[in-house]
Amino acid sequence: MERRLHTRHRARTIVYIMVPGGRRKLCKAVNLSATGVFIETTNLGLRKGQQVILAFAINLGAITKLHRRTAVVAHVSRGGTGLMMESYSARSS
């Protein structure tokens, strides 16, 4: 039984993941929802609960926008990493 609040959509986009210490890695997003993303990763050393920064390049035709989101590692598997993104409403100014 599916327990997600938001529908996942197949994604074919590249995501930059930035981890504490300044390391950056280019990864492929497999699926994406309003609150989470699953990315293909190999041995990044990420742990459940760790905070990372994601940067998505969104192509809007003539314009490409860069979206940055804070995310928390929800799970790590052999195929990749599931990340729960911070909601805009939860951000403090």
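The values are calculated or read from the model by the stated rules, or taken from the named source; none is laboratory data. Bear in mind that the values here come from a model prediction, so they are computed numbers and not experimental data. Glycine also receives a Cβ, built like all others from the backbone with ideal geometry; neighbour counts cover every protein chain displayed.
Assorted remarks:
- Among residues of the range 18-43 that are without any contact (Cβ under 8 Å) to a residue 12 or more places away in the chain and within 15 Å of Ala71 (Cβ to Cβ), those with a Cβ under 9 angstrom from a residue that is of a type in the set (Phe, Trp, Tyr) and surrounded by 15 or more Cβ atoms within 10 Å (Cβ to Cβ), sequence gap 6+ or separate chain, pair up as Arg24/Tyr16.
- Restricting attention to the range 42-59, the residues that are farther than 15 Å from Cys27 by Cα and either among the small types (Gly, Ala, Ser) or under 13 Å from the mean Cα position of the chain (by Cα) (or both) total 3.
- Look at (1) outside any helix (DSSP H, G or I); (2) modelled with pLDDT under 90; (3) of a type outside the set (Val, Ile, Thr) and you find that Ser89 fails only one, number (1).
- Residues in the range 60-72 that are part of a strand (DSSP E or B) and over 9 Å from the mean Cα position of the chain (by Cα) were compared, and the one that is nearest to Arg24 (Cα to Cα) is Arg68.
- Scan the range 5-59 for residues that are within 11 Å of Thr81 (Cβ to Cβ), among the β-branched types (Val, Ile, Thr) and not in a loop (DSSP other than H, G, I, E, B) and the total you get is 6.
- Residue satisfying all of: in the range 45-90; basic (Lys, Arg) and touching a residue at least 24 places away in the same chain (Cβ under 8 Å); surrounded by the most Cβ atoms within 10 Å (Cβ to Cβ) among these: Lys48
- Single residue of the range 7-43 satisfying the filter (among the polar types (S, T, N, Q) and surrounded by 11 or more Cβ atoms within 10 Å (Cβ to Cβ)) that is modelled with the highest pLDDT: Asn31
- Restricting attention to the range 60-72, the residues that are farther than 14 Å from Glu86 by Cβ and among the hydrophobic types (A, V, I, L, M, F, W, C) add up to 4.
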